[in-house]
Amino acid sequence: MKNYRLLYVIAVTVVLMACNRTDPIAEAIIWDEPFRAEFALDTICTIMLYDQARPEIYDAIFARIHEIESRMSVFRPDSDISRINAAAGIQPVWVHDDVFKVIQRALEIAEFSGGAFDPSIGALSLLWRVMDENPRVPSREEIDAVLPLVNWRNVLLDPEHQTVFLRYPGMALDLGAIAKGYAADESLAIIREARLERALIDLGGNVITYGIRPGPDRSAWRVGLQNPIGDIGSFIGVISGWNMTVVTSGVSHRYFLHEGVRYHHLFSPFTGHPARTGLLSATIVTQVSMDADALSTAIFVLGYEEGRALIEPLEGVEAIFVFEDKSIRKTPGVDFVPVNPDFRLLSF
């Protein structure tokens with residue numbers, strides 16, 4: 001088994017607290033258990049199976065992750081998503097079961113969030129090209145031209161024939177804000193089927209902790225929350241819990257600078273620009289990673305007041321909001337302790 005220890009420490013954005021020491025920063029870089037890391041879904045994906053690690057389980061997990069990427073990536077011309085986009089305004093496209101399932105759930109969350117999360121954001125993503133070598137700020141006229149194409153209501157599903165149709169030419173799906181969560185859930189399903197007792201899944205910051213934490217005290221898992229304006233691997237606090245998924249949407253890593261302004265990849269479907277609501281990041285803590293992925297995007301786009309109101313009626317869904325002034329607010333049900341003195345936790 002390959003050991004990607006250094007690569008993993010560099011790559012993670014949410015870092016598991018692996019040991020039981022008093023210094024959380026020291027804990028974050030100690031990795032004495034077997035794990036495997038591969039590049040997929042445009043990020044480093046890391047699976048740690050601890051003392052029950054077996055090559056065939058790692059193989060099955062990563063095969064499933066790569067399969068999901070091959071079907072849902074907007075960057076692959078032969079993916080289901082690319083085929084749907086190419087046929088926008090022309091004809092419905094048959095898709096695989098998992099693609100239909102994810103799009104269906106994406107539309108449900110789009111409706112629930114009032115469009116703050118919108119899987120038809122692809123026209124804006126393609127216009128801005130934040131992660132390209134030569135990104136640029138589009139003109140207001142360019143944005144206004146594509147903004148009407150961002151509307152989840154114009155994504156038409158046919159469950160009987162398992163097809164997806166984008167009503168107008170130029171529309172484009174982009175599942176980047178939900179596919180990683182689905183892949184994390186599918187990874188967990190394989191781990192459960194193998195009857196393992198514990199595991200850590202980290203798909204580029206989409207974290208799932210499962211089962212009994214290693215150690216004699218069987219204490220809660222501890223996950224570090226990435227500093228959205230700090231170096232990769234630096235964090236502002238610790239989330240504790242069992243069998244949880246932790247997913248963060250924020251301004252770190254995927255952005256470009258233009259004339260001193262940071263333009264990140266989380267676009268508002270309402271304005272056509274990167275969302276600016278006073279937040280640096282928004283984190284969801286719950287049990288279904290696909291839902292956490294989409295909801296973290298939605299509450300980031302909505303901002304604190306509307307985002308908090310959105311998730312309040314949802315049972316088992318908690319949130320942490322990090323603001324541009326380095327203040328933090330959290331919902332009452334999440335066990336979060338700040339560890340960075342530059343950030344301050346305020347009352348909910």
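With helices as the sole contributors, the chain gives -9000 deg cm²/dmol at 222 nm; each DSSP H run of n ≥ 4 counts as -39500 (n - 2.57), and the sum is divided by every residue.
Full extension of the chain segment joining ARG344 with GLN287 gains 17.9 nm, where the gain is 0.36 nm per residue of separation less the Cα-Cα distance. Here the Karplus curve 6.51 cos²θ - 1.76 cosθ + 1.60, taken at θ = phi - 60°, turns the phi angles of the range 282-289 into couplings of 9, 10, 10, 10, 7, 10, 9, 5 Hz, with x standing for Gly and Pro. Ranked by how many other Cβ atoms sit within 10 Å of their own Cβ, fewest first, the residues HIS96, HIS265, HIS161 fall in the order HIS161, HIS96, HIS265. Excluding the site residues themselves, the longest part of the chain lacking any GluC sites (Glu not before Pro) in a DSSP loop with at most 11 other Cβ atoms within 10 Å is 1-132.
Close amide-amide hydrogen proximity is noted between THR43 and no other residue 5 or more places distant or on a separate chain, at a cut-off under 5 Å (H modeled in the peptide plane; Pro and chain starts excluded).
Straight Cα distances below 16 angstrom link LYS330 to the aspartates and glutamates GLU305, GLU306, GLU312, GLU315, GLU318, with same-chain residues fewer than 8 positions distant left out. Each label was represented as a point 7 Å from its Cα along the Cα-to-Cβ direction; for ARG136 and ARG153 these points are 3.3 nm apart.
The modelled label-to-label distance for the pair ALA194/GLU315, using points 7 Å beyond Cα in the direction of Cβ, is 3.2 nm. Dividing the mean sequence gap of close Cα pairs (under 8 Å, 6+ apart) by how many residues the chain holds gives a relative contact order of 17 percent. Available extension along the chain between PHE75 and SER219 is 47.7 nm, counting 0.36 nm per residue and deducting the alpha carbon span. Each residue of the range 49-55 is assigned a 3J(HN,Hα), and the resulting list reads 10, 6, 6, 9, 5, 9, x Hz, derived from the Karplus form 6.51 cos²θ - 1.76 cosθ + 1.60 (θ = phi - 60°), x at Gly and Pro.
Bear in mind these aren't lab numbers, they're just calculated from the coordinates by the rules spelled out. Please read these numbers as outputs of a predicted model, since none were measured by experiment. Heads up, the Cβs are rebuilt from the backbone with ideal geometry, glycines too, and the neighbour counts pull from every protein chain shown.
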